[in-house]
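Engineer: Here it is: the structure, laid out below.
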Amino acid sequence: MSHPLRTLGHVSVLREDAAATPALSRDAFLADAQRHRRELLAHCYRMTGSLHDAEDLVQETYLRAWKAYDNFEGKSSVRTWLYRIATNTCLTSLEGRQRRPLPSGLGQPAADPQAEISERTDTAWLEPLPDVHDAPGDPQTIVGSRESVRLAFIAALQHLSPRQRAVLVLRDVLQWKAAEVGEAVGTSTAAVNSLLQRARAQLDAVGPSQDDVLVAPESDEAKDLLAKYVNAFESYDMDALVELFTADSVWEMPPFDTWYSGPRDIVELSRFKCPAEHPGDMRFVVTTANGQSAAGMYMRNPETGRHEAFQLHVLDIKPDGISHVVAFMDPTLFEKFDLPAHL
């Protein structure tokens, strides 16, 4: 089954002509290059699966570009040049590193919601990406951009080798020509095509299919379902919560290494493992992440009575209900999403 990124053609509108860029001073170049920061962050995030790593790698990219600017000959656009530097910065960073999984990607079966759960702090888990709210207004561009950072797609990329990842992202997401990709990663066009073929085959096996389409987070349908989801938790109405999930729904919450399948098991987990016991113990602030509906959960601290950052929920919302929730138990993410540390 073909992957949606190969049929959208969504990023061609972002490409620049490779005409020579007029000479700039280092500082003027750096100031001008800042307009590409957001898309470079998304690129480094696709490569690494980590928001924190991506931020550091973008900084490293700009530092390398600033140092090497005297050698920039203007044979390509500044944007293309920055992408080359960012790609190789990511490849260097990924040497010897393990992939960043989600619990459902570890190869173990769905867990019993009443069994003990264990936290794996020695695993570098996949992280979510905050959305930018000043994206281009073209609908095709918006949909394509969302697909290229969707959590399931980023998780699937983690199954590829770093070089396969780079080739697939440059070819299928950024729509570069094979020769351009080869020049960027230091290999032949034939090698690029071979890497791309293997990467696509593996992605088709583990990634979201072309038919696996989510409801846009700004749609009335998604807003309504997210509001019901929030209300069910805040009112501690588990009977209402169970009705919101699809039959094959999945719940996972890194850094715990288990995952759960089906509405009954998901709600059973929430009932027996969640520290909340009463209506009002949990509160939410709605946001978006990875082009998807999301919400920050705040848990009441019994000692202070204050609701404190607890989990960031990223939801797959489909026309027939919620099919997947990743509840990231990392309060440091709240600042990245402009969410308060407490309510």
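Engineer: What accessible area per residue, rounded to a whole number of Å², is obtained for region 37-90 using a probe radius of 1.4 Å?
Structural biologist: Per residue, region 37-90 has 37 Å² of solvent-accessible surface.
Engineer: Hey, got a sec? Which trypsin sites (Lys or Arg not before Pro) in region 284-343 land in a DSSP loop and have at most 16 other Cβ atoms within 10 Å? Can you show the working numbers first?
Structural biologist: Working: sites: Arg300, Arg306, Lys336; in loops: Arg306.
Answer by residue number: Arg306.
Engineer: Charges only on Cβ, +1 for Lys and Arg, -1 for Asp and Glu: so what's the dipole of region 145-189 about the Cα centre, in debye to the nearest 20? Don't jump to the answer; show the numbers that get you there.
Structural biologist: Working: 6 positive and 4 negative charges, 26 e Å.
In total the dipole reaches around 120 debye.
Engineer: I'd like to check one number: the per residue accessible area of region 196-297, probe 1.4 Å, reported in Å² as a whole number.
Structural biologist: Details: 4500 Å² over 102 residues.
On a per-residue basis, 44 Å².
Engineer: Relative contact order (percent) for the chain, with alpha-carbon contacts under 8 angstrom and 6 or more residues of separation?
Structural biologist: The normalised contact order for the chain reaches 18 percent.
Engineer: Once Lys and Arg get +1 and Asp and Glu get -1 on their Cβ, which of Pro263, Pro128, Ser194 lies farthest toward the positive end of the dipole of the chain?
Structural biologist: Going by the charge dipole, the pick is Ser194.
Engineer: Using heavy-atom solvent-accessible surface (probe 1.4 Å) with all chains present, what is the largest-first order of His43, His324? Could you put the intermediate results ahead of the total?
Structural biologist: On the way: His43 0, His324 45 Å².
I get His324, His43, largest accessible area first.
Engineer: Let me ask you something else. What percentage of the solvent-accessible surface of region 30-87, computed with a 1.4 Å probe over protein heavy atoms, is contributed by carbon and sulfur atoms?
Structural biologist: Values: 1160 of 2320 Å².
Heavy-atom surface of region 30-87 belonging to carbon and sulfur, 1.4 Å probe: 50 percent.
Engineer: Ignoring ligands, DNA and RNA, what percent of the accessible area of region 112-237 is carbon or sulfur (1.4 Å)? Can you show the working numbers first?
Structural biologist: Details: 2780 of 5870 Å².
Solvent-exposed carbon and sulfur of region 112-237 make up 47 percent of the total.
Engineer: Given a cut-off of under 8 Å on Cα pairs at least six residues apart, what relative contact order in percent is computed for region 210-318? Don't jump to the answer; show the numbers that get you there.
Structural biologist: Details: 158 pairs, mean separation 26.4, N = 109.
24 percent.
Engineer: Now for a separate question. Quickly estimate the mean residue ellipticity at 222 nm for the chain, helices only: each DSSP H run with n ≥ 4 gives -39500 (n - 2.57), and the total goes over all residues, rounded to 500. Show your work: numbers first, answer last.
Structural biologist: Working: 14 runs with 145 residues, N = 343.
For the chain, the value works out to -12500 deg cm²/dmol.
Engineer: Moving on to the next point. Find how many whole Å separate the alpha carbon centroid of region 280-343 from the alpha carbon centroid of region 67-119.
Structural biologist: Taking the Cα centre of region 280-343 as reference, the centre of region 67-119 is 24 Å away.
Engineer: While we're looking at this one, here's another question. Using a/c under 1.5 as the rounded threshold, could you call the chain rounded, prolate or oblate? The axes a ≥ b ≥ c are square roots of the C-alpha gyration tensor eigenvalues, and prolate needs a/b larger than b/c, oblate otherwise. Mind showing how you got there, number by number?
Structural biologist: Numbers: a/c = 2.03, a/b = 1.77, b/c = 1.15.
The shape class here is prolate.
Engineer: Report, in debye and to the nearest 20, how large the dipole of region 43-94 comes out about its Cα centre when Lys and Arg carry +1 and Asp and Glu carry -1 on their Cβ.
Structural biologist: Values: 6 positive and 6 negative charges, 47 e Å.
Dipole of region 43-94, to the nearest 20 debye: 220 debye.
Engineer: Here's a follow-up. Please identify the trypsin sites (Lys or Arg not before Pro) of region 28-103 that satisfy two criteria: DSSP loop assignment and at most 15 other Cβ atoms within 10 Å. Which are they? Mind showing how you got there, number by number?
Structural biologist: On the way: sites: Arg35, Arg37, Arg38, Arg46, Arg64, Lys67, Lys75, Arg79, Arg84, Arg97, Arg99; in loops: Lys75, Arg97, Arg99.
Passing both the DSSP loop test and the Cβ count: Lys75, Arg97.
Engineer: For the pair Gln197 and Ala68, how long in nm is the line joining their label points, each one 7 Å along Cα→Cβ?
Structural biologist: Modelled inter-label distance: 3.0 nm.
Engineer: So if I place +1 on the C-beta of Lys and Arg and -1 on the C-beta of Asp and Glu, and nothing else carries charge, what would the dipole magnitude of the chain be about its Cα centre? I want it in debye, nearest 20. Spell out each step's value before the answer.
Structural biologist: Numbers: 34 positive and 49 negative charges, 284 e Å.
The dipole magnitude comes to about 1360 debye.
Engineer: So if each residue of separation counts as 0.36 nm, and I subtract the Cα-Cα distance between Asp32 and Leu106, what length gain in nm does that give?
Structural biologist: Working: separation 74, 0.36 × 74 = 26.64 nm, distance 4.23 nm.
Length gained between Asp32 and Leu106: 22.4 nm.
Engineer: Which of Glu243, Glu277, Glu180 ends up with the largest GNM mean-square fluctuation for the chain, with Cα atoms connected below 10 Å?
Structural biologist: Glu277
The values are calculated or read from the model by the stated rules, or taken from the named source; none is laboratory data. Quick caveat, the model's predicted, so the values are computed rather than measured. Ideal geometry is used to build each Cβ from the backbone, glycine not excepted, and the neighbour counts take in all protein chains shown. SASA here: full protein model, heavy atoms, side chains in, ligands and nucleic acids out. Shrake-Rupley method; radii C 1.70, N 1.55, O 1.52, S 1.80 Å.
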